[in-house]
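**Q** Here you go, one structure.
The values are calculated or read from the model by the stated rules, or taken from the named source; none is laboratory data. Model, not experiment: these values are computed from the prediction. Backbone-built Cβ (ideal geometry, glycine too); neighbour counts: all protein chains shown.
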Amino acid sequence: MNSSIAIRPCWSLLANKAEEKINALQAEIGQARQRLESLERSRQRVQAMYDDYRLKLNNSQIETQGMREAMNQRQFMTQLLTLMQRVSTDIQHTQNLLDSYKERLLEAERERIKMRTLADQNALAVQKNLNQKEQRHMDSLGVMQFNLKTET
């Protein structure tokens with residue numbers, strides 16, 4: 001009766017592949033976070049520029065400026081608002097991408113845990129089988145030794 005259990009490397013390979021996927025996703029998350037931070041800084045800079053121009057336009061300096069200069073400032077402020085909206089859209093897109101990466105990371109982590117558990121279960125089954133074989137061998141040696149003692 002040959003009931004040997006073999007070590008199956010497929011579980012370990014699949015667990016390693018899941019770990020590689022996790023590492024790749026973590027790198028993507030890091031890049032997305034950096035992009036998000038960069039976009040936030042850009043939005044703050046544009047907001048500061050807009051606030052500065054708004055203050056200049058509302059101050060008494062407008063009386064000393066010509067009509068053309070005031071219109072140019074208003075047009076520039078409109079462009080800044082458009083740019084802020086675009087940056088906000090990019091921030092939302094990047095945040096959605098980051099959320100997607102996080103969900104994929106959780107799924108990959110679950111997969112890695114599952115594969116690692118299966119690899120561990122296989123290793124335990126192999127060890128149990130080896131222990132049983134060793135125990136049977138020790139039992140047969142003990143019986144042989146007992147039989148030799150009783151014959152003498």
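Conditions tested, residue by residue: (1) surrounded by 10 or more Cβ atoms within 10 Å (Cβ to Cβ); (2) closer than 30 Å to Lys21 by Cα.
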{"site": "Arg110", "(1), (2)": "yes, yes"}
{"site": "Lys114", "(1), (2)": "yes, yes"}
{"site": "Ala119", "(1), (2)": "yes, yes"}
{"site": "Asn122", "(1), (2)": "yes, yes"}
{"site": "Lys128", "(1), (2)": "yes, no"}
{"site": "Asn131", "(1), (2)": "yes, no"}
{"site": "Arg136", "(1), (2)": "yes, no"}
{"site": "Leu141", "(1), (2)": "yes, no"}
{"site": "Lys149", "(1), (2)": "no, no"}
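**Q** Looking only at residues in the stretch 45-69 that are β-branched (Val, Ile, Thr) and at pLDDT below 85, which one is farthest from Gln85 (Cα to Cα)?
**A** Ranking the qualifying residues of the stretch 45-69, first place goes to Thr64.
**Q** Turning to a different aspect of this structure: Go through (1) modelled with pLDDT of 95 or more; (2) in contact with a Lys or Arg (Cβ under 6 Å, 6 or more places away or on another chain); (3) not acidic (Asp, Glu) and name the single condition Asn122 misses.
**A** (1)
**Q** Can you give me the number of residues within the stretch 20-44 that are over 17 Å from Gln85 (Cα atoms), free of Cβ contacts under 8 Å to residues at least 40 places away in the same chain and among the small types (Gly, Ala, Ser)?
**A** 3
**Q** Out of the residues in the stretch 82-92 meeting the condition of being surrounded by 13 or more Cβ atoms within 10 Å (Cβ to Cβ) and not acidic (Asp, Glu), tell me which one is nearest to Gln47 (Cα to Cα).
**A** Checked the stretch 82-92; the qualifying residue nearest to Gln47 (Cα to Cα) is Met84.
**Q** Which is more than 30 Å from Pro9 (Cβ to Cβ) and free of Cβ contacts under 8 Å to residues at least 12 places away in the same chain, of Asp90, Asp120, Asp52?
**A** Among Asp90, Asp120, Asp52, only Asp52 is more than 30 Å from Pro9 (Cβ to Cβ) and free of Cβ contacts under 8 Å to residues at least 12 places away in the same chain.
**Q** If you scan the stretch 1-60, which residues turn out to be loosely packed, with under 12 Cβ neighbours inside 10 Å and either part of a loop (DSSP other than H, G, I, E, B) or at positive phi (or both)?
**A** Across the stretch 1-60, the qualifying residues are Met1, Asn2, Ser3, Ser4, Ala6, Asn59, Ser60.
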